[in-house]
Each structure stands twice: as C-alpha cells, then as structure tokens.
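Reviewing the structure listed below.
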Amino acid sequence: EKRQFGDVRGICPTASGFLFVTEKSLLLWNGSEARVARDFAPQFEADSQPRGCYSDGPEILLRGPKGVHRFDPRTGAITPAGIDRHVTVLVRRSDGKLVAGARDAGLFTLDGGTSTPFAPEATEWLKGKLVTGGARLRDGRLVFTTRQNGLIILDATGEIDQLISEDAGLPDAVINEVRVDQEGALWLAMEGPIVR
C-alpha cells in the first residue's frame, strides 16, 4: 500500500543500506527489502518536505524548505538541526563543520545545533542564485555550483578563490550537481554535457 511514493529526490548511504528521500516518505533499502521508515505527514506539508539528504558516518541529515533535520533510521525520528532556511546543499569542511547553502540567503556553518553566517563575499555573490551542489576538494577548498551562474570555489577560510562560468570555458552555466573523483578531479553534471 506504500508503493505510490512519488519522485525520488535524494539517495544517501547508511550503515545498513540506502535511504531514499521521496515526495511522501523516507524509504530504507537494506539490499533485500525496502521499508517505509517515516511518512512526512503530518510533520511536513506538501510544499515543505525534505528535498534531499546528506550522510557522513552514522549521521543522516535531511535538507529542504524547512531547513536541516537529523533523521534516526532506528526510530524514524526527525528533529531540527540548527537552521530553518531553505537549504539546497550541505558540504563538510576539513575541520568537520558543515556548510549549508540556503536559498537566497547564502552560506552558513552548522555546529552543535546553531547556524552562523559563513563567507560574506561568497554569500553576496550567491544571493539570488540557486545553489545546486557542493563538494570539498582534496586540498580543503569548497566548491558550490549554481543553476545558471557557473560555480564558485572558496578557500578553507571562505574567501573566494575562483568564479568559473561560460566565460572561463564551461560549455554551459547551468550546473545540476558536482562530485570529486578518487583522483581529486571535479566532475560537473550540466544541463546537457558532463564536464571533468
């Protein structure tokens, strides 16, 4: 009776399989069976449900219009994690703190249930832009991609290192996602091409 779950918005690895963030619920897959770990109603209205997830070790975070929430796969509990803005991306810095990219509000560090503005110049550049992805490079720099304005690379302190768009040779400024491979190269999933 739970097979109508809508679009899958995000997938994250867990200690025992994978978490699927769907329109209506959180699904856990352990390799042999799937189960509904948590329905979003009544905690989240249709337009405020999580849009993705982030996992790093045992911690699983959900992100979306109502901010960032922790998810416990054993109990199904969803609890606020320190920011109530529309978060589109989470990236872990080298020092272990998380950086959240919030729609129309810029970048924030999350630490112990509190959020603090991060990288004021980058935040100013990101205002009005849709942040679509983020990653940490091997040297500790952070990369944030945007829907129509290319990408920004920040040094470990949050200062702008580079702005890269079509002017710098990208085939398109529309970037959907970013990943770093085992060799440290940056891969961009764009509207049409994939760029290394």
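The values are calculated or read from the model by the stated rules, or taken from the named source; none is laboratory data. Because the structure is predicted, anything quoted here is derived from the model rather than measured. Glycine gets a Cβ as well: all are built from the backbone with ideal geometry, and neighbour counts include every protein chain shown. In case anyone asks, the SASA skips ligands and DNA or RNA and just uses the protein heavy atoms, side chains included. Shrake-Rupley method; radii C 1.70, N 1.55, O 1.52, S 1.80 Å.
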Comparing Ile153, Ile175, Ile164 in a Gaussian network model of the chain (Cα, 10 Å), the one with the largest mean-square fluctuation is Ile164
Residue among Leu90, Leu19, Leu107 with the largest mean-square fluctuation in a Gaussian network model of the chain, springs linking Cα atoms under 10 Å: Leu19
Spatially near lysine pairs across the chain, Cα under 27 Å, sequence gap of 8 or more or different chains: 8
The chain, helix-only ellipticity at 222 nm - DSSP H runs n ≥ 4, -39,500 (n - 2.57), divided by all residues, nearest 500: -1000 deg cm²/dmol
Cβ-placed point charges (K, R +1; D, E -1), dipole of segment 1-158 about Cα centre in debye, nearest 20: 200
So, taking all protein chains as they sit and a 1.4 Å probe, how much accessible area belongs to Arg103, in Å² rounded to tens? 100
Pairs of alpha-carbon atoms within less than 8 angstrom and 6+ residues apart define the contacts here; what relative contact order does segment 145-196 have, in percent? 29
GNM of the chain, Cα pairs under 10 angstrom: of Gly101, Gly52, Gly169, the biggest fluctuation goes to Gly169
Unit charges at the beta carbon, dipole of segment 1-129: most positive-side option, Phe18, Gly76, Pro42: Phe18
If contacts are Cα pairs under 8 angstrom and at least 6 residues apart, what is the relative contact order of the chain in percent? 10
So which GluC sites (Glu not before Pro) in segment 165-196 are both in a DSSP loop and have at most 14 other Cβ atoms within 10 Å of their Cβ? Glu183, Glu191
Considering only DSSP states other than H, G, I, E and B, which GluC sites (Glu not before Pro) in segment 28-137 qualify as loop sites with at most 11 other Cβ atoms within 10 Å? Glu33, Glu45
